[in-house]
1. Would you point out which residue out of A:A84, A:A153, A:A88, A:A163 is over 24 Å from A:F198 (Cα atoms), in contact with a Phe, Trp or Tyr (Cβ under 7 Å, 6 or more places away or on another chain) and either of a type outside the set (K, R) or surrounded by 19 or more Cβ atoms within 10 Å (Cβ to Cβ) (or both)?
2. Identify all residues within segment B:50-104 that are among the charged types (D, E, K, R) and more than 9 Å from every other protein chain (Cβ to nearest Cβ); write none if there are none.
3. Which residue is farthest from A:L291 (Cα to Cα), if the candidates are limited to segment A:99-117 and must be crowded, with 23+ Cβ neighbours inside 10 Å and not β-branched (V, I, T)?
4. Would you be able to say whether some residue in segment B:144-152 is more than 14 Å from every other protein chain (Cβ to nearest Cβ) and over 14 Å from the mean Cα position of the chain (by Cα)?
5. Determine which member of the set A:A485, A:A431, A:A450, A:A435 is touching a Pro at 6+ places or on another chain (Cβ under 7 Å) and either closer than 30 Å to B:V79 by Cβ or of a type in the set (S, T, N, Q) (or both).
6. Can you find a residue in segment A:424-434 that is more than 14 Å from every other protein chain (Cβ to nearest Cβ) and among the aliphatic types (A, V, I, L, M)?
7. List the residue pairs whose Cβ atoms are under 8 Å apart, where the first residue sits in segment A:31-42 and is free of Cβ contacts under 8 Å to residues at least 12 places away in the same chain, the second is part of a strand (DSSP E or B), and the two are 6 or more positions apart or on different chains.
8. So which of A:R441, A:R393, A:R413 ends up being among the charged types (D, E, K, R) and within 14 Å of another protein chain (Cβ to nearest Cβ)?
Amino acid sequence: MDRHRRALSAAGRAAAVVLPVAFLAVFFAWPLGAILARSLVVDGRPDVPLDVLTDSTTRDVAWFTLWQATVSTVLTLLAGLPLAWALARFRFPGRSVIEALVLVPFVLPTVVVATAFVALLPDDIERSVWAILLAHVFFNVAVVVRVVGAFWAGLDQRLWDAAATLGASPAERQLRLTAPLLAPALASAASIVFLFCFTSFGVILILGGPRYATLETEIYNQAARLFDLRTAAALGLLQLAAVAAAVLVSGRLERRLGGGRRRSGAARRPAGGERVAVAVVVVGSLGLLALPPLALVLRSLQVGTGYGLDHFTALAHETPALFVAPWHAILNSLLFSTAATAIALAVGIPAAVAVASGRRGLDVALMLPLGASAAMLGFGFLLAFDDPPLDLRSSPAIVPLAQALVALPFVVRSLVPALRAVDARMREAAAVLGATPAQVRREIELPLLARPLAVAAGLAFAVSLGEFGATVFLVRADWPTVPVAIFRFLGRPGEGNVGAAMALCVVLMALVAAVALVSERALVRGRPR
Amino acid sequence: MRLALEAIGVVIDGSSILDHVSVDVGAGERLALLGPSGSGKSTALRVAAGLQRPTAGRVLLDGADVTRVPPHRRGIGLVFQDAALFPHRDVAGNVGFGPRVAHLPQAERDARVAEALDLVGLAGTERRDVTTLSGGEAQRVALARALAPRPGVLLLDEPLGALDGPLRQRLQDDLRELFERLALTVVHVTHDVGEAFALGDRVAVLRDGRVAQVATPEELWARPADDWVARFLGMANVFADGDRARVIRPEAVRVVGGEGAVVVAADRDAAVVRLRVREDGGRELEAVVVGVDVPRVGERVAIDVDPGGVVDVRVWRPEMQRRG
């Protein structure tokens, strides 16, 4: 009986690995392989698309991609550091609320962020390099605050005290202690932001207009608008190589970051001049972060020269911009996101269990979809599932599958720490007290995991709701999601269309905020004190 | 309930953690498992609890072989070193966990929780959040949690290890009183000689995964099995000569006024002063004296050794173990 049970649990462990691996093989490796095959093989013969790669347009696009990602990263670091400092070093009323608010831009869908900047900026720069850079800073500042801030807060305050007693002046302490100690966290945050900006899609597509293209948007342009799959695949090859390099570098930096974050640092109340500095930084940062969403809401209510709900009521009526009435898009989004969340959990839970029990390789494999951009996945799906054996092109299922893949890393990342935190001794303590294995699962593991599971589901849902890069490649014209509908509206002239885009953005923002609020609350309550 | 480990062997990842460990704990007896870190004492405890499957030997409870019985059916209580309380349950939820998974009726469960909390001196704390407890309180709740299912044997893994100072002394006193009152069979793991002597009717000294000696505290102090045990118990006057060693217990070294030696150190620990005295021949001896009128460092003294406090023991060498 004992042996039987052990065989069963061994089978369970194997299944926990097989399901995620199979899912990744079919829905990640195959599509990317399809891009490679399309770019490197023509009519069964190898064919390196040198003409595309050396083309001057390609060079310009690649250069702009690199340039905007670098500049965006530097600006984001500069914008995020003051807030990271204030939140890491000081305790003040409302700090936890501010920590949560800082995350809001990061969970906002890229399409919403881009539209918010269309609403905010004056017409002459609303589609310009500046708009792109500002949107990237707005979107990614949370990464800097979270990554650097958490590391900063975890550094032992006594190091500075020790340096002071050894005779280091305040300036020397910053130069010789703060800077080198923070360097790994800064490098890690920078590499993450760089990756996001390098693969940025929705922001560039909307704010870059026809003038500014990155590799991502050019792939979309070639594949979906000009139907030049060969050129698109060749650009995809370039993008894959660049992303792989960036992921490798960031992975290395992440490892260097290592432990360090254990100790909860000694945040203290600001004193004297610090109070002013902290207030300026916090109020200023929050004000700047609040501007784009506020502008968005205002624009959605602007009708002619006055204000009203006309753009919202118009969502109920058919429009030439879409094949369906806009409110259908909201239904579609909810439907797709629900399905995507279910798939992401079904794959992510066993994957997280496997990773938590020590399968490092799977961990890396599961993070790959995060690196390979959503638009690449969409394009890969387009190529791979266009014909038998797996023809999903006309099936609505293709959208939630792609969204689930994008959401998967978030699910795994939020579950693994929780699974690891269920201490082996908790299970042992329960067993010694007479709990059967089933009771251990029900009484100990499930309650401890309920909140992380809610957080994972919420994250998956929010990510799927806002997913644009893959969806825009795959969704059928008569099944638009909200982000796709927003994109279509923005692509058409006229106040009605812009207004509809703004209104849909507000709806999407409200949906995502509701989901984020619920899961962040679960997260805060679930955190052991 | 009587607990016996019979020739227990544990091999983990190719290295031997326990080798032929046999201890017998009578019903109502309290045994301290004493050893330095890495001696395998915690592993022995895990084997008794059923959390570690031995690679050799048997575990007996009242004569019945329970080696293959899983921990949740053994009816043994275990207190972890750092409490290991369930963070998602309050004090009552933790203490009542055992009765709950045993499907006792609610009224009985509440009574067990109240009784166990009363035993550990935390009556009325049922609704406290366990994450707000101090270290000492958490350890008491862990003890109450282990007692609530009324186990036949109680195992404690360094229960005072995470505490220090007066808190530690108080919990140690409370534990002793509690064990005596409940007449429980107790196995208690510690690396602290004083704790083992205070809480154990008998003490099993573990060394490199083997039992070096099992005896009452008095027997251990009177006749340590070998020079290693003598030193581990804190005896400094151990003089090896070939295969034999002479152990002079510190209280047998009498320091009187006179000539022939000089005091080189005097460390006071409350009423007791530990003296180190160097004889003119070069040999150093440790002695203990009490009171306030004691020799000072640098003072010339005479030494008188009580022959009753001198024991002849064998010399332990690690290779002896490997051969055996």
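1. So the residue among A:A84, A:A153, A:A88, A:A163 that is over 24 Å from A:F198 (Cα atoms), in contact with a Phe, Trp or Tyr (Cβ under 7 Å, 6 or more places away or on another chain) and either of a type outside the set (K, R) or surrounded by 19 or more Cβ atoms within 10 Å (Cβ to Cβ) (or both) is A:A88.
2. Correct list: B:R53, B:R58, B:D62, B:D65, B:D90.
3. Among those residues, the one meeting the criterion is A:P109.
4. No.
5. A:A431
6. no
7. Going by the 8 Å Cβ cut-off, there are no qualifying pairs.
8. A:R441
The values are calculated or read from the model by the stated rules, or taken from the named source; none is laboratory data. Bear in mind that the values here come from a model prediction, so they are computed numbers and not experimental data. Reconstructed Cβ throughout: ideal geometry from the backbone, glycine too, with neighbour counts over all protein chains shown.
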